[in-house]
Amino acid sequence: MKTTTTIMVLLFLLIGSPTAQAQDLLDALKQTAQMYNEANPEGESETNQGAAPEGQNEWQEAWDNEREENADILDALDTKYLKCTALMILYVDAYIRLKEEHKIGNVSMSACDAYGMQTLALAASTTIMYCPEEMVQLSIDELKKIAIDLDKASQEYSRGNTNLKLWLKFLNIANWYYHGEAIQELGQNNTWGDSPDHLAYTIKYMISFFTPRHILGATLKIAEKMEALSCSG
């Protein structure tokens, strides 16, 4: 499978270079995604509900739409950490839906198309990687304050606007996290709440999506799944 083989080669080249920067990773992932689309020029794997075969534009369009729809509240957030957290919420919510439901917005797609799209989503994450990188060293108490401030800002915004989509997305991510990976990472049970403590750990979890370790690891897993499904020739 030339596409998955190329993914593996590109990743090992990046792993072997300790000085690899985000732009290098972005370029490599974009090249891989382009090769995926070239290998499937007619959208070989079946799509549902009208998903476009030229998937390379779908993620970027969806990402641009998310930011446009939430532009008002993004502008209303008055600190860089609040703005960064909001951007992470928009990205992680869309990425989880793509990964778990094989959907972008309300558009469903086949497993192969969804895996190819995830590669593009991983590439897109590097464009805002600088922002979460600044938050990696923040303590849980500092992240807790960000969660509290984001809650207050969302409530203030909602007084003149009925749109609370950003906050609801945040709670959905927290719910997903505490019913999944948090059980292994933190020893949590299946109960969770929207307390500042829970949301602080959710922010920490979102930050992990933008680390080279996650991006490389996720891309390797995608390559394995595409290989197993014979997604490209």
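Number of residues in the range 55-72 that are open to solvent by less than 20 Å² (accessible area, probe 1.4 Å) and farther than 21 Å from Tyr157 by Cα: the value is 3. Restricting attention to the range 198-231, the residues being assigned to a helix (DSSP H, G or I), open to solvent by less than 10 Å² (accessible area, probe 1.4 Å) and touching a Cys at 6+ places or on another chain (Cβ under 9 Å) number 1. Here Lys83 meets each of (1) in contact with a helix residue (DSSP H, G or I) (Cβ under 7 Å, 6 or more places away or on another chain); (2) open to solvent by less than 30 Å² (accessible area, probe 1.4 Å) with one exception, condition (2).
Thr119 falls short of the stated requirement of being touching a residue at least 60 places away in the same chain (Cβ under 8 Å), open to solvent by 30 Å² or more (accessible area, probe 1.4 Å) and of a type outside the set (D, E, K, R). Contact annotation: residue pairs with Cβ atoms under 7 Å, 6 or more positions apart or on different chains, pairing a residue in the range 204-233 that is farther than 30 Å from Ser139 by Cβ and among the hydroxyl-bearing types (Ser, Thr, Tyr) with a partner that is open to solvent by less than 50 Å² (accessible area, probe 1.4 Å) and assigned to a loop (DSSP other than H, G, I, E, B), are Ser232/Asn40. What residue, of Asp93, Asp75, is surrounded by fewer than 22 Cβ atoms within 10 Å (Cβ to Cβ) and either farther than 27 Å from Cys231 by Cβ or of a type in the set (Ser, Thr, Tyr) (or both)? One residue alone meets the criteria, Asp75.
For the range 138-148, the criterion of being modelled with pLDDT under 85 and over 27 Å from Glu224 (Cα atoms) is satisfied by no residue at all.
The values are calculated or read from the model by the stated rules, or taken from the named source; none is laboratory data. What you see is a predicted model; the values in this text were computed from it and never measured. Quick reminder, even Gly has a Cβ in these numbers, built from the backbone with ideal geometry, and neighbours come from all protein chains shown. Quick note on the areas: whole protein, heavy atoms, side chains included, nothing else; ligands and nucleic acids left out. Shrake-Rupley method; radii C 1.70, N 1.55, O 1.52, S 1.80 Å.
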